[in-house]
1. Give the separation of the Cα centroids, segment 230-305 to segment 342-389, in Å.
2. Please state, rounded to one decimal and in Å, the Kirkwood hydrodynamic radius that segment 93-135 gives when every pair of distinct Cα atoms enters the mean of 1/r.
3. Determine, for each peptide in 422-432, 158-168, 72-82, the mean count of other beta carbons within 10 angstrom over its residues, then list the peptides with the highest first.
4. How much length, in nm to one decimal, is gained on full extension between residue 150 and residue 367, taken as 0.36 nm per residue of separation minus their Cα-Cα distance?
5. Express in whole angstrom the spacing between the alpha-carbon centres of segment 144-199 and segment 395-430.
6. Quick one: what does P(r) look like for segment 138-211 with 10 Å bins over all Cα pairs, in whole %?
7. Any chance you could get the radius of gyration and Dmax over the Cα atoms of segment 92-229, in Å?
8. What ranking do 55, 284, 65, 293 get, fewest neighbouring Cβ atoms within 10 angstrom at the top?
Ligand code: SF4
């Protein structure tokens with residue numbers, strides 16, 4: 001039997017589940033990483049997940065990273081989601097052992113105080129280009145000084161969620177659905193996060209079970225609520241028992257017809273999608289999941305396996321993608337992402353215009369760019385690969401869909417339509433009353 005802290009040579013042929021007692025030490029040192037208990041208080045309040053023997057794939061890139069930076073760590077440990085959380089990168093000193101940081105990145109993390117803390121799982125760090133600070137995934141999680149620049153129109157809570165909060169953690173804006181922010185914790189922090197005011201609050205208090213109960217009571221007392229979206233923070237960072245508690249309570253409310261989970265976990269911490277988690281989730285139907293994908297490089301053997309596991313459990317999967325400058329703002333990148341998502345049974349659902357949170361101007365594209373991308377997808381690929389492009393209107397106006405100008409107006413009873421090749425077609429519209437509109441149509 002191997003002893004903890006003993007150097008360990010990764011044996012590729014060895015099945016992870018065969019390791020009886022893997023070592024627990026890592027090579028990287030992170031003086032700021034104060035441990036799971038401070039960063040993830042939910043785990044103190046609720047029971048830890050039971051040990052899980054789920055087999056997780058490890059892609060070549062991650063395996064090389066594991067060997068290089070965590071040579072004492074076994075594949076079993078690497079594939080343990082709690083190990084990933086405990087060893088997440090939370091300081092620039094640790095990050096600079098992995099990436100060649102440029103001046104912008106170093107200044108952002110040293111000179112100025114950040115709105116949003118740094119946090120990247122080792123798995124997601126393994127996907128970042130160590131030499132290129134413009135690498136799309138790297139830009140999405142490594143701070144730069146531009147995030148300290150506040151531009152006109154930006155706000156900490158641009159969607160006005162706080163003004164629609166009925167009880168702590170519950171946003172009730174639309175009559176038939178609520179947004180339930182069950183935690184303020186994420187395993188990795190996206191620099192463009194709409195809820196950075198929540199997840200970045202150093203003094204935040206994670207919701208405890210008593211606060212959840214208040215929110216659940218509110219839902220119980222409001223029969224108009226038929227749809228509950230669990231979000232945060234990332235709900236799948238909660239232990240299995242906590243998720244089971246929430247889903248079980250919601251399943252007992254007769255008027256709640258559907259529960260959705262919004263998460264980035266399959267992308268940044270696919271090791272969390274264990275068989276025990278799946279066994280919890282699949283007991284509660286209908287359960288839908290919106291997964292936050294940003295770029296085709298995020299689709300790896302690990303994330304593909306996580307999504308397929310969820311799809312096999314009967315959970316319909318949709319994607320939510322934020323349109324981000326110099327990250328995914330081109331037709332080829334977006335088309336590749338949408339195609340790759342369909343291959344792993346995730347239906348492209350929303351393409352969001354980036355919300356004007358504080359310090360987001362370096363991420364925001366002109367709206368025209370989003371329209372160009374939709375124009376470059378619609379008709380040029382399968383309809384299933386075309387998401388809805390929406391702007392979440394500031395001050396709580398809700399999601400507003402945007403489409404290129406396919407509708408070109410009317411001529412008498414004809415509707416004039418432009419197709420994806422730019423050709424104009426007439427559609428004979430149905431008159432309001434049958435037989436009323438009998439004028440001859442102009443020939444085209
Ligand atoms: S996973 Fe979602 S909630 Fe968490 S930091 Fe990223 S965008 Fe924000």
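Every read-out reported here was derived from the displayed coordinates using simple, explicitly stated rules and does not represent laboratory data. Note that this is a predicted model, so its numbers are computed, not measured. We place every Cβ from the backbone using ideal geometry, glycine too, and count neighbours over all the protein chains shown.
1. The distance from the Cα centre of segment 230-305 to that of segment 342-389 comes to 23 Å.
2. Its Kirkwood hydrodynamic radius stands at 11.2 Å.
3. Numbers: 422-432: 10.6, 158-168: 15.9, 72-82: 22.2.
With the highest mean Cβ count within 10 Å placed first, the list reads 72-82, 158-168, 422-432.
4. Gain on extension, residue 150 to residue 367, equals 76.2 nm.
5. Taking the Cα centre of each part, segment 144-199 and segment 395-430 sit 33 Å apart.
6. Spelled out per bin, shortest first, that is 16, 45, 31, 9, 0.
7. For segment 92-229, the Cα radius of gyration and maximum Cα-Cα distance read 18.1, 54 Å.
8. 55, 284, 65, 293
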